Amino acid sequence: MIAEVIIQSNVKNLNRVFDYKVPAEYEDNAIELIGARVLVPFGRMKSLEEGFVVNIKEHTEYEVKEIAKVEEKYLNKEKIDLARWMAKRYFCNVSECLKLMLPPGTTSKVIQNRVKEKSINFVSLIKDEDEIEFDIEIKKLKSEKQIRTLRFLLENGDALVSDIEIFADSSRAVVNTLCKNGYVEIIPKKIERNPFEGKNIERTEKLKLNKEQQEAYDTIADSMADMLFSEFLIFGVTGSGKTEIYLQLIEKTLKENKSSILLVPEISLTPQTVNRFIARFGKEKIAVLHSKLSVGERYDEWNKIKDGKAKIVIGARSAIFAPVSDLGIVIIDEEHDSSYKSEMTPRYDAKEIARYIARDNNIPLVLGSATPDLDTYYRAKNEEITLLKLNKRANESDLPEIEIIDLREELAKGNKSMISTRLYEEIEKNLKNKKQTILYLNRRGYSTFIMCRNCGYTAKCKNCDINLTYHSNTNKLKCHYCGREENVLTVCPECGSKQIRYFGTGTQKLEYEIKKLFPEASTIRMDVDTVSKKNSHEQILEKFKNENIDILIGTQMVVKGHHFPNVTLVGVIAADGSLNIDDFRANEKTFQILTQVAGRAGRGEDKGRVIIQTYNPDNFSIECAKKQDYELFYNTEIGMRKQLKYPPFCDIILIGFSSENEKEVEKIANQIHLYLKNRVIKENIGIILYKAIPSPIDKIKNKYRWRILIKCKFSDDIINLLNDTLEHFKTLKAKQTRVTIDLNPNNMMTL
């Protein structure tokens with residue numbers, strides 16, 4: 001018997017099957033090997049290579065070697081089929097997709113015992129993936145254990161030293177060597193293996209649904225009974241009770257002894273969601289998967305799902321690949337959120353994966369949002385998705401009143417503060433009434449750029465074409481793209497002037513200003529800088545809620561999903577940030593953010609107020625957010641999208657090129673453009689092809705970046721054209737240039 005094996009590699013030439021002889025002891029049940037991970041001799045390599053058996057057949061035309069070792073079976077035919085579909089759609093290797101479906105942290109070594117040791121040493125990468133792969137390619141890194149350790153960290157993020165020893169078959173000595181050579185750093189942190197440890201949550205009973213909720217529930221429940229694939233969009237205003245519908249649908253699924261997957265966009269949302277589900281169903285039936293768990297915790301949760309102990313899976317994007325059996329429903333909350341799209345290879349969209357899985361299992365896919373993605377709502381309008389509307393808040397409270405403040409008028413009155421007169425008055429009123437306030441500003445740090453007033457010099461990162469941000473807590477200038485830190489400037493390096501000024505505002509500066517304006521108020525800040533430690537996001541939210549902190553200051557983390565009944569005021573410090581980005585979705589993102597953050601106000605008994613500060617009060621997305629009128633926004637924006645040929649009327653494909661060699665990357669990008677242009681003309685392919693140009697941020701992490709943009713209707717013909725293009729790229733013999741292809745990217749700036 002012959003096994004078809006896919007080698008675990010991201011090298012494009014190895015994205016195919018290789019034939020191997022099945023060992024004699026497995027001949028009788030060779031079919032059971034499909035999905036198993038194996039070690040095989042490959043080429044002239046002295047060490048064994050890792051691979052996956054994807055098919056069994058009787059014969060081969062080649063002279064083949066035998067599988068050296070069969071390891072545990074993690075995959076099934078359905079997962080293999082999904083990986084092949086993903087590899088074709090997202091232009092990557094099948095093995096890269098299969099890795100998403102494996103237990104977190106597993107390597108070629110069979111894991112027989114779970115990690116028992118609790119360690120405080122976390123290992124974190126300093127260099128990025130491209131640098132590491134390049135060093136491996138040029139043989140700068142030769143040690144197999146070092147390479148294995150680095151790839152383990154690339155796949156799993158920060159990890160305990162003890163987890164690396166067990167899961168990556170490595171050692172502390174290897175980690176120490178990598179640390180000395182500048183690849184990793186060791187950070188002391190305290191960690192617990194049980195993500196639910198310390199959670200003692202009082203059980204709750206299900207709530208009585210109102211008429212709109214009941215109609216939505218009944219419609220979805222009827223489709224579950226039919227056991228056919230169906231897709232639903234629960235379009236409900238903020239606070240309309242979408243989560244209660246999810247809870248009761250999952251309760252129905254449990255009664256049928258089936259499993260459920262619930263995806264949430266932000267890690268900061270996960271604890272509140274998990275707490276509510278634990279209160280309803282208990283800890284034993286729930287597993288949670290997200291990147292803030294340690295590798296060991298994720299491994300334990302994965303096995304809890306695989307063993308059938310957990311029937312409810314809650315997590316971020318990657319939880320869609322959980323080893324669930326007897327799946328009964330998939331729910332995606334805040335479906336409009338950009339975090340459902342991966343920005344690393346494989347560049348998959350979790351909503352598309354969920355749709356594939358739901359269709360394959362003949363179960364419903366439920367999407368929920370107060371501000372649906374325009375593409376999703378367009379599909380609902382065209383009856384490709386069943387639209388279920390919730391027009392009222394579940395507790396019958398009114399939506400908050402929204403007021404727009406023109407910052408140009410504030411400046412004219414001499415107010416140069418970050419806080420308008422009106423917002424100041426409302427914060428003061430809230431403090432007197434013992435009510436809570438949320439202030440939203442989607443820029444972290446203290447000052448967003450540093451400039452010399454004498455010559456105009458601006459401090460930029462030496463690795464990236466991006467301004468450095470001043471962080472007052474560390475008194476450092478920091479790049480938010482590569483993490484580089486520099487000392488603060490007191491003298492201009494260009495002209496020697498001392499006229500150095502710090503401009504722009506971030507969350508640190510806002511916190512400083514609030515403390516100065518309201519010294520009696522208690523404040524807490526939530527942004528990337530304050531949630532880097534494990535469970536810090538949950539601790540901040542719990543502290544804000546339970547200790548009745550007066551003011552929560554934060555970035556996008558505070559926008560979505562949170563329920564704080566005592567919050568009656570929300571202030572948006574600068575609504576223009578998301579308008580001024582190089583992205584056709586700028587208006588949509590602005591409307592979504594403003595509507596979502598406004599939805600945090602007035603969720604209890606008291607009516608909410610929202611104050612939006614802006615320099616563009618006449619922008620239609622801001623006007624629609626003030627009216628909280630999604631339909632008006634949709635009708636305006638969809639007309640513009642149709643006229644300009646943007647999604648949902650076409651697909652956008654970005655081909656990105658990056659290299660440390662500026663001349664090479666420009667040359668390669670233009671050669672690929674010429675190849676595509678000739679193919680389009682010769683074969684009359686229906687696409688709009690734009691010329692190769694530098695990316696909006698043309699240098700990140702010391703790599704120069706170019707891109708080609710394509711507008712088209714994505715199809716098999718386009719897939720074939722792009723795969724042919726990747727094959728042509730190999731013939732160009734680019735020494736340093738790497739190429740990526742992204743379908744409908746969420747961030748048009750960073751590719």
Legend entry - the chain: antiparallel DSSP beta bridges as a percent of all, rounded to 5: 55
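Once you charge only the Cβ atoms, +1 for Lys and Arg and -1 for Asp and Glu, what is the size of the charge dipole of region 636-704 about its Cα centre, to the nearest 20 debye? Intermediate results must be reported in sequence, preceding the final value.
Numbers: 12 positive and 8 negative charges, 31 e Å.
Dipole of region 636-704, to the nearest 20 debye: 160 debye.
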Legend entry - At 1.567 mPa s and 4 °C, Stokes diffusion of region 211-390 via Kirkwood alpha-carbon radius, µm² per second: 80
Legend entry - Kirkwood-based shape ratio for the chain, expressed as Rg/Rh from alpha carbons: 0.96
Inset, instruction - Could you tally the net charge around Leu14, taking each other residue with its Cβ under 13 Å from the Cβ of Leu14, Lys/Arg +1 and Asp/Glu -1? - result: 0
Legend entry - Pairwise centroid distance, computed over Cα atoms, of region 689-751 with region 453-503, Å: 31
Inset, instruction - Considering Cα pairs under 8 angstrom that are at least six residues apart, work out the relative contact order of the chain and quote it in whole percent. - result: 10
Legend entry - Cut-off 12 Å between beta-carbons: net charge of the residues surrounding Gly456, Lys and Arg +1, Asp and Glu -1: +1
Legend entry - Charge dipole magnitude, Cβ of K and R +1, D and E -1 - region 26-102, Cα centre, debye nearest 20: 460
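Hey, what does the equivalent ellipsoid look like for region 651-743, semi-axes from the Cα gyration tensor as sqrt of 5 times each eigenvalue, largest first, whole Å? The partial results should precede the final answer.
Numbers: eigenvalues 100, 39, 24 Å².
Square roots of five times the eigenvalues give 22, 14, 11 Å.
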Legend entry - Loop sites in region 343-447: GluC sites (Glu not before Pro), DSSP, at most 15 other Cβ within 10 Å: Glu343, Glu383, Glu384, Glu396
Legend entry - By average C-beta atoms within 10 angstrom, highest first, the peptides 22-31, 364-373, 544-553: 364-373, 544-553, 22-31
Legend entry - C-alpha center-to-center spacing [region 81-105, region 291-336] in angstrom: 17
Legend entry - C-alpha center-to-center spacing [region 51-79, region 630-668] in angstrom: 41
Inset, instruction - With r as the distance between the Cβ atoms of Asn13 and His59 and R0 = 25 Å, compute the FRET efficiency 1/(1 + (r/R0)^6) and round to 0.05. - result: 0.50
Inset, instruction - Using the 2.2 N^0.38 Å rule of thumb for compact globular proteins, work out how region 677-725 stacks up: its C-alpha Rg over that value, please. - result: 1.37
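Run the dipole for the chain about the Cα centre, Lys and Arg Cβ at +1, Asp and Glu Cβ at -1, nothing else charged, and hand back the magnitude in debye, nearest 20. Write out the running numbers ahead of the final one.
Numbers: 117 positive and 110 negative charges, 377 e Å.
Charge dipole, the chain, about its Cα centre: 1800 debye, nearest 20.
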Legend entry - Listed residues Ala459, Gly43, Met344: farthest to the positive end of the dipole of the chain (Cβ charges): Ala459
Legend entry - At most 15 other Cβ within 10 Å, DSSP loop - trypsin sites (Lys or Arg not before Pro), region 402-459: Lys413, Lys416, Lys434, Arg453
Legend entry - Relative contact order (%) - region 637-751, alpha-carbon pairs under 8 angstrom, separation at least six: 42
Inset, instruction - Compare the Cα positions of Leu228, Gln643, Tyr356 along the charge dipole of the chain (+1 at Cβ of Lys, Arg; -1 at Cβ of Asp, Glu; about the Cα centre) and return the one farthest towards the positive end. - result: Gln643
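Taking a 19 Å limit on the Cα-Cα distance, which of the listed pairs Lys667/Lys730; Lys88/Lys682; Lys127/Lys478; Lys292/Lys533; Lys351/Lys642 fall beyond it?
Values: Lys667/Lys730 14 Å; Lys88/Lys682 24 Å; Lys127/Lys478 16 Å; Lys292/Lys533 8 Å; Lys351/Lys642 23 Å.
From the list (Lys667/Lys730; Lys88/Lys682; Lys127/Lys478; Lys292/Lys533; Lys351/Lys642), the Cα-Cα distance tops 19 Å for Lys88/Lys682; Lys351/Lys642.
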Legend entry - Cβ-based exposure ranking for Arg89, Arg525, Arg600, Arg172, in which fewest neighbours within 10 Å come first: Arg172, Arg89, Arg525, Arg600
Inset, instruction - Would you mind checking Lys180/Lys703; Lys140/Lys663; Lys429/Lys626; Lys73/Lys258; Lys99/Lys545 for any pair whose Cα atoms are more than 31 angstrom apart? - result: Lys99/Lys545
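Count neighbours as other Cβ atoms within 10 Å of each site's Cβ, and list the GluC sites (Glu not before Pro) in region 266-327 that are DSSP loop with at most 13 such neighbours.
Glu284
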Inset, instruction - Note down the net charge around Ile553, summing +1 for each Lys or Arg and -1 for each Asp or Glu among other residues with Cβ under 9 Å from its Cβ. - result: -1
Inset, instruction - Name every cysteine in the chain that ends up alone, with no second cysteine's Cβ under 4.7 Å, or say none. - result: Cys92, Cys97, Cys179, Cys482, Cys624, Cys650, Cys712
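Bear in mind these aren't lab numbers, they're just calculated from the coordinates by the rules spelled out. Source: prediction; values computed, not measured. Every residue, glycine among them, receives a Cβ derived from its backbone with ideal geometry; neighbour counts consider all protein chains shown.
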